[in-house]
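Taken together, the values in this text are just the output of simple stated rules run on the coordinates, not laboratory data. Treat the numbers as computed from the prediction; the structure is a model and nothing was measured. Using ideal geometry, Cβ is built from the backbone for each residue, glycine included, and neighbour counts are taken over all protein chains shown.
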Amino acid sequence: DQQVKQNSPSLSVQEGRISILNCDYTNSMFDYFLWYKKYPAEGPTFLISISSIKDKNEDGRFTVFLNKSAKHLSLHIVPSQPGDSAVYFCAASDRARNGNQFYFGTGTSLTVIP
Amino acid sequence: DVKVTQSSRYLVKRTGEKVFLECVQDMDHENMFWYRQDPGLGLRLIYFSYDVKMKEKGDIPEGYSVSREKKERFSLILESASTNQTSMYLCASSLGTGRNTEAFFGQGTRLTVV
């Protein structure tokens, strides 16, 4: 049973515009959320995270928003650049649980069109 | 910089072979994970370990086993490889329970079983 869901398999955006990637989760015990970026034939690389005590975290062009009541988070990339074209995974964790396991969504493939 | 190193980038094995995938991390992380990535299915957890000689099943452990004899090394074993185990395998590590920390991934091993 998928506890973290990314319902959009793909997204295309013009260079310079905003990219918005969405993620939903079902487990209310999750208290730490992350976004990863993955290029083909490489491992995922960490992008940005947010703790459940916050509703927004910003790092340069990347901002993550968390809506705990809706169990929803989103990643905003602005302005989008062609190098942002990759697959983006959201992940969630229950930090109190032994092993600090990460649950991943199915990914959204972002294409930024020059 | 945290480094997670997987022993092979590409592997081709025959059906029925015993396959070992090795992973080493250099940051003294407590937790280590093995995922597989398949199109449309995202990253699925096979096994994880939160301490030496400790292991826990993830979502899809069938057909796999693991070994963690030393803190820095986590091995994934395919006891008898089958074609449905053709996939991208990703190893990751992270600090222990309760911390604000991300998982760091290796570069991945693309395994083809013929």
Mind checking which aspartates and glutamates have their Cα closer than 20 Å to the Cα of residue B:53? Skip sequence neighbours fewer than 8 apart in that chain. B:22, B:26, B:28, B:30, B:62, B:69, B:72, B:79
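Going by a ≥ b ≥ c, the root eigenvalues of the Cα gyration tensor, does region A:4-113 fall in the rounded group (a/c under 1.5), the prolate group (a/b larger than b/c) or the oblate group?
Details: a/c = 1.93, a/b = 1.57, b/c = 1.23.
Prolate, because a/c is 1.5 or more and a/b exceeds b/c.
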Report the residues of region A:27-50 in range of a label on residue A:1: point 7 Å along Cα→C-beta, backbone N strictly under 17 Å from it. A:27-30
Just subtract the alpha-carbon distance of residue B:69 and residue B:51 from 0.36 nm times their residue separation and send over the number in nm, one decimal. 5.5 nm
Starting from the Cα of residue B:107, move 7 Å in the Cα-to-Cβ direction to define the label point; list residues of region B:6-27 whose amide nitrogen is under 17 Å from there. B:6-12, B:21-26
Short version: ³J(HN,Hα) in whole Hz for each residue of region B:30-47, in order, from phi by Karplus 6.51 cos²θ - 1.76 cosθ + 1.60 (θ = phi - 60°), x for Gly and Pro, what are they? 6, 9, 9, 9, 10, 10, 10, 10, 10, x, x, 10, x, 9, 10, 7, 8, 8
Of the listed pairs A:37/A:68; A:56/B:57; A:5/B:70, which have alpha-carbon separations greater than 30 Å here? A:56/B:57; A:5/B:70
